[in-house]
Amino acid sequence: MIKQLKDVLTIKTTWDRSRAWTRKLRFAALLLSLAIPLNSFAQAHLLKQRPFRATEDQRSGGDHICDLRCDSDGDGKPDRLGDYVCISGTVIAEPSTYEREGRFFWIRNRCCGMLVYGTSELLRVGDSVAVDGRLRPAGRGEAFGACGLELIDGCGVKKVGLELKGIRPNVDPVPVALHNYCMNPSIYAGNLIRIYGLLYLWPAAWYGGNYFLLAGDGRDSIVVYVDGDTGIDVGDAGSACYTVTGIVMKVHAPACVSPQATWCIAPRSQADIVRKDCSTDASHSTWGQIKADFSD
């Protein structure tokens, strides 16, 4: 009888231990299931280690450059300044165009463009890339002091990671009428545009190997910024008819050109400044047409 009682107690003790281990395993699994979403929430909203969107799914495709330039409160700064973002687009001005170390390049997605900067990259015009990083103000004190490119106002993505997606051969500049550009240059910020029918292109200032030219048609005028690292020879620029292609950016020019940061077009190479006979059949585009033609 005593032996049988010992056997029963042994079986009960073993069963109790088994139940205890089962309860511990279930409790551990519950903690793990709770920890996963909490960790993701902390990363997205507190640590900001990845972009967060209200509709986070495969269709979101990251952040659109056009949206990142939104300034709803009118304080002169993008609403999402400082956010961790993920953008994709096609390279329209490759690294080393305006700065030989290759730390700055521009991409276009849909009808908007964006400066990307950070470590040097080996990219070509037409490369399709995905970039993740912080949306930062691209101005004085933000890595631009030692490069040939004049200091920039506005915003840019400080690159953390980059993935080459392939090649998109269509990197044609957006044709824009001079008058439409002058009405609101900021809507073309970071994009590659082409302006026809410029009747003059005159040097206005030379600063540190970089040239500032004035161009216009007798009614409207713009600033053309020629960076010394592009190797562009302004030569005998003067009265003629010109077609100018370049990236739209806001730079700090010499006081004789503008007392404050001014919008300009920055050609990428000699081929972006074409001198030819004057013509009245220049292509004109509205902002609505550009959005329709260059949207994904």
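The values are calculated or read from the model by the stated rules, or taken from the named source; none is laboratory data. Being a predicted model, the structure only gives us computed values, none of them experimental. For neighbour counting, all protein chains shown are included, and Cβ atoms are generated from backbone atoms with ideal geometry for every residue, glycine included. Accessible surface is based on the protein model in full, side chains and every heavy atom, while ligands, DNA and RNA are left aside. Shrake-Rupley method; radii C 1.70, N 1.55, O 1.52, S 1.80 Å.
Consider ALA215 carefully, then state whether it is farther than 20 Å from ALA138 by Cβ, open to solvent by 50 Å² or more (accessible area, probe 1.4 Å), at pLDDT 90 or above and among the small types (Gly, Ala, Ser). In short, no. Is it the case that some residue within the range 233-253 is acidic (Asp, Glu), farther than 20 Å from ASN170 by Cα, at pLDDT 60 or above and outside any strand (DSSP E or B)? Scanning the range 233-253, I find at least one residue that is acidic (Asp, Glu), farther than 20 Å from ASN170 by Cα, at pLDDT 60 or above and outside any strand (DSSP E or B), so the answer is yes. Residue count for the range 205-244 under the criterion of being of a type in the set (A, V, I, L, M, F, W, C) and over 27 Å from GLU94 (Cα atoms): the result is 2. Being on the phi < 0 side of the Ramachandran plot, surrounded by fewer than 17 Cβ atoms within 10 Å (Cβ to Cβ) and without any contact (Cβ under 8 Å) to a residue 12 or more places away in the chain is the requirement here; does TRP206 meet it? For TRP206, the condition - on the phi < 0 side of the Ramachandran plot, surrounded by fewer than 17 Cβ atoms within 10 Å (Cβ to Cβ) and without any contact (Cβ under 8 Å) to a residue 12 or more places away in the chain - is met. Within the range 94-113, residues that are in contact (Cβ under 8 Å) with a residue 24 or more places away in the chain and on the phi > 0 side of the Ramachandran plot reach partners that are surrounded by fewer than 20 Cβ atoms within 10 Å (Cβ to Cβ) and part of a loop (DSSP other than H, G, I, E, B) with beta carbons closer than 6 Å, at six or more positions or on different chains, in the pairs SER96/GLY102; ARG110/SER295; ARG110/ASP296. In summary, strands (runs of 3 or more DSSP E) completely within the range 66-182 and bearing 3 or more residues that are open to solvent by less than 70 Å² (accessible area, probe 1.4 Å) and touching a helix residue (DSSP H, G or I) at 6+ places or on another chain (Cβ under 9 Å) occur at 84-93, 104-109, 112-117.
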